[in-house]
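The structure under discussion appears below in the form of structure tokens.
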Amino acid sequence: MSDLRFISLVPAKRNIRYLLAALFVAFATLVPQAQIVETGVITGVVKDNTGAVIPNAHVNVRNNGTGLASNTTTNIQGIYVTPPLKPGDYSVAIEVPGFGKVVEKVRLEVGQRVAADASLAVGTTAESIEVQAAGELLETESAIVGNLRTEEAVRDLPLNGRNFNELFNLGAGAISTTAQSTGSIAYTQQRGPSYFAINGSRPQENRTLVDGIGDQENHNSMTAIFPPIDAIQEFSEVTQDADARYGRGNGGTINVVIKSGTNQYHGDVFEFFRNTVLDGRNYFNIPKAGPTGQKAPLRQNEFGATFGGPLFPRKDNPKTFFFADYAGKRFAQGQNFLSSVPVVDVTAAGYDFTNYFIQNPKLVIKSPLNPAITYTAANPIIPAGAAGLDQTGINILKLYQKYAQPNYGAAGATTNNFFYGPQLIINEDAFDVKIDHKFTEKDSAFFRYSQGRDILSQPGTLPNPLVGAVICGPASDPAYQAVLSETHVFSPTIVNTARYGWTRFFVYAKNWDGAGSPYAGLASSSQLNIPGVINPNNPLSVGLPVYSFSGYTSIGDAGNSPTNIGTNNYQAL
């Protein structure tokens, strides 16, 4: 694979120079470290026990997971600021000749700027004081309002479907708008909820970042790549006063970091499942005999594995680390749709409207050609040869009767009289590969590639080919993302990060009765006596157009199907 070849070549000094030149060629202007969103920094003031600041103190910051260290010094005001650091646990060692050594244990979160001040006592460097961080650190370096989800919270909080987006609902002022959708669900939302209104703003105003790269498609601003829960190091949700480094969104900002490998090999294998036996009955399944008195069938299996560590085993002081994960999902759930369909008994003799007269004994049906001809409860059958009958209307009644005979409610009910319980099926596979490498004390980089694919079977509210005029049908949603980032430290106060990202998300959606499907040709506008709708030169025009009737559930394919929706985003930061 290209990423592995990249890693194997870079140790040579000449190749390092070529890599750095390529990354910096488009960046003549230095980028301040504050614009790096997926990392954090540790800063502090070093003083002696009298309160006087200490300049030129040596500060060593060591990542406890990887063993990699960064060094900096305090300025004339006794202030130090580390280079951008990945989220994790750090040991900050501060040394000054003539003073005792101080080691502080600091937990750094995504996008955080942590203050870790130190007070040194007179002594020798052989004397060491270790300071363990206790409780939550007070955020004094930023005015943003938000909340953080650590690795433990992401992993342990109960999530139906293990969709990390649902953690957004835990933030103050956040509410899912997908859950409020009724009827058709947009193609880009069918993989799972990722549409949230934060503090009343439109969902399109939100900004989602994964490893510093925008993770939204361009059609509805939905999440493009869904990182598996077990691949997330942590993420933060900024709900108010996001600073300029995040850019773009006026709503909420979600900042996700994918895990990196450490100097020890770690991994896990997991399986989560739910099924009909373990599930409760849907509240809207009325407890009575018949189709709505049964629990909707459910089969939900989610499985996968993660593994990470040093890329090259048996090597002291590793500089290259990898992390890889895979997650699969197999989901099938019964749906509950209650519709209104015509209750007209179509026979060779005519059209029996008895049920309508039972519901409304005063109903009178008049012939459109001769108002003197009427049909009432006394004569509810319109003869097959009666003048003025419309053939298109007759064909539509036959179509309803063929595929959606009333099966629910009281005998003869003319509304809410048809129950349909199809299955929603989602098969999903996703993986990530991430490689981190530290070239020198001042240069580090990472590369990540992510890929996912969802195969969906979204049912309509009526049996095929009636469908119900809602967005439905078989669909394939492939998603890809790659990011390459290099950070160079010029000095303790000047840092440049060059980053390139690519995100691709597509939706390939078809009609249930489209060309090549088992339901193709079962119903069409020409069969209903409405010519000129289907273009014989365009196979995508095959299917049943939308027909709406007052008081009844519409039939036909949604107006925007079939469809192909595509996004290719290229980002240079």
Do any strands (runs of 3 or more DSSP E) entirely within the range 79-151 hold 1 or more residues that are modelled with pLDDT of 85 or more, under 26 Å from SER444 (Cα atoms) and touching a Ser or Thr at 6+ places or on another chain (Cβ under 8 Å), and if so, which?
79-81, 88-95, 101-108, 113-115
Please determine whether any residue of the range 430-437 is modelled with pLDDT of 90 or more and either more than 30 Å from ASN317 (Cβ to Cβ) or assigned to a loop (DSSP other than H, G, I, E, B) (or both).
yes
Residue list for the range 352-373, filter: buried (at least 16 other Cβ atoms within 10 Å of the Cβ) and assigned to a helix (DSSP H, G or I)
ASN355, TYR356, PHE357, ILE358
So the check is Cβ under 6 Å with 6+ separation or different chains; which pairs have a first residue in the range 94-112 that's touching a residue at least 12 places away in the same chain (Cβ under 8 Å) and a second one that's crowded, with 22+ Cβ neighbours inside 10 Å and outside any strand (DSSP E or B)?
ILE94/ALA57; VAL96/ALA57; GLU104/ALA116; VAL106/ALA116; LEU108/PRO87; GLU109/PRO87; VAL110/PRO87; GLY111/VAL37
What single numbered condition from (1) in a loop (DSSP other than H, G, I, E, B); (2) over 29 Å from PHE337 (Cα atoms) fails to hold for TYR552?
(2)
Matching residues in the range 484-502 (farther than 19 Å from GLN451 by Cβ and touching a Lys or Arg at 6+ places or on another chain (Cβ under 7 Å)) number 2
Kindly provide the set of residues from the range 306-347 that are assigned to a strand (DSSP E or B) and among the basic types (Lys, Arg), ordered by number.
LYS329, ARG330
Would you be able to say whether some residue in the range 498-521 is of a type in the set (S, T, N, Q), in contact with a Gly (Cβ under 6 Å, 6 or more places away or on another chain) and outside the structural domain of ASN218 (by TED's automatic domain parsing)?
yes
Boolean, ARG17 is among the basic types (Lys, Arg) and modelled with pLDDT under 50
no
Looking only at the range 493-515, how many residues end up being assigned to a loop (DSSP other than H, G, I, E, B), at pLDDT 75 or above and surrounded by fewer than 18 Cβ atoms within 10 Å (Cβ to Cβ)?
1
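Listed here are the residues, each with its yes/no results for (1) surrounded by 13 or more Cβ atoms within 10 Å (Cβ to Cβ); (2) at pLDDT below 75; (3) in the same structural domain as THR239 (by TED's automatic domain parsing); (4) among the polar types (S, T, N, Q).
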residue: GLY161; (1), (2), (3), (4): yes, no, yes, no
residue: GLU166; (1), (2), (3), (4): yes, no, yes, no
residue: GLN180; (1), (2), (3), (4): no, yes, yes, yes
residue: GLY183; (1), (2), (3), (4): no, yes, yes, no
residue: GLN190; (1), (2), (3), (4): yes, no, yes, yes
residue: PHE196; (1), (2), (3), (4): yes, no, yes, no
With respect to GLN481, is the statement that it is more than 18 Å from SER554 (Cβ to Cβ) and among the polar types (S, T, N, Q) true?
yes
Failed criterion for PRO545 (all others in (1) under 16 Å from PRO463 (Cα atoms); (2) touching a helix residue (DSSP H, G or I) at 6+ places or on another chain (Cβ under 7 Å) hold):
(2)
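Conditions tested, residue by residue: (1) aliphatic (A, V, I, L, M); (2) closer than 30 Å to THR461 by Cβ; (3) touching a helix residue (DSSP H, G or I) at 6+ places or on another chain (Cβ under 9 Å); (4) without any contact (Cβ under 8 Å) to a residue 40 or more places away in the chain.
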site	(1), (2), (3), (4)
THR354	no, yes, no, no
ASN360	no, yes, no, yes
LYS366	no, no, no, yes
GLN391	no, yes, no, no
LEU397	yes, yes, no, no
PRO406	no, yes, yes, no
Residue list for the range 219-246, restricted to those being of a type outside the set (Val, Ile, Thr) and at pLDDT 85 or above:
ALA224, PHE226, PRO227, PRO228, ASP230, ALA231, GLN233
Taking the conditions exactly as written (surrounded by fewer than 16 Cβ atoms within 10 Å (Cβ to Cβ) and at pLDDT below 90), does ASN255 satisfy them or not?
no
Residue that is farthest from LEU338 (Cα to Cα), among those in the range 374-396 that are touching a strand residue (DSSP E or B) at 6+ places or on another chain (Cβ under 9 Å) and surrounded by 15 or more Cβ atoms within 10 Å (Cβ to Cβ):
ALA386
Of the conditions (1) assigned to a strand (DSSP E or B); (2) touching a residue at least 40 places away in the same chain (Cβ under 8 Å), SER457 satisfies every one except a single condition; which number is it?
(2)
Examine the range 264-276 for a residue that is at pLDDT below 85 and either more than 30 Å from ASN336 (Cβ to Cβ) or buried (at least 16 other Cβ atoms within 10 Å of the Cβ) (or both), and state whether such a residue exists.
no
Which numbered condition trips up LEU544, out of (1) surrounded by fewer than 17 Cβ atoms within 10 Å (Cβ to Cβ); (2) among the hydrophobic types (A, V, I, L, M, F, W, C); (3) part of a loop (DSSP other than H, G, I, E, B)?
(1)
Does PRO84 count as over 33 Å from the mean Cα position of the chain (by Cα) and either surrounded by fewer than 16 Cβ atoms within 10 Å (Cβ to Cβ) or of a type outside the set (A, V, I, L, M, F, W, C) (or both)?
no
All but one of (1) in a helix (DSSP H, G or I); (2) of a type outside the set (Ser, Thr, Tyr); (3) in contact (Cβ under 8 Å) with a residue 24 or more places away in the chain; (4) in contact with a Ser or Thr (Cβ under 8 Å, 6 or more places away or on another chain) hold for ALA386, so report the exception by its number.
(1)
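The values are calculated or read from the model by the stated rules, or taken from the named source; none is laboratory data. The structure presented is a predicted model; accordingly, all values stated were derived computationally and were not measured. All Cβ positions, glycine included, derive from the backbone under ideal geometry; neighbour counts span all protein chains shown.
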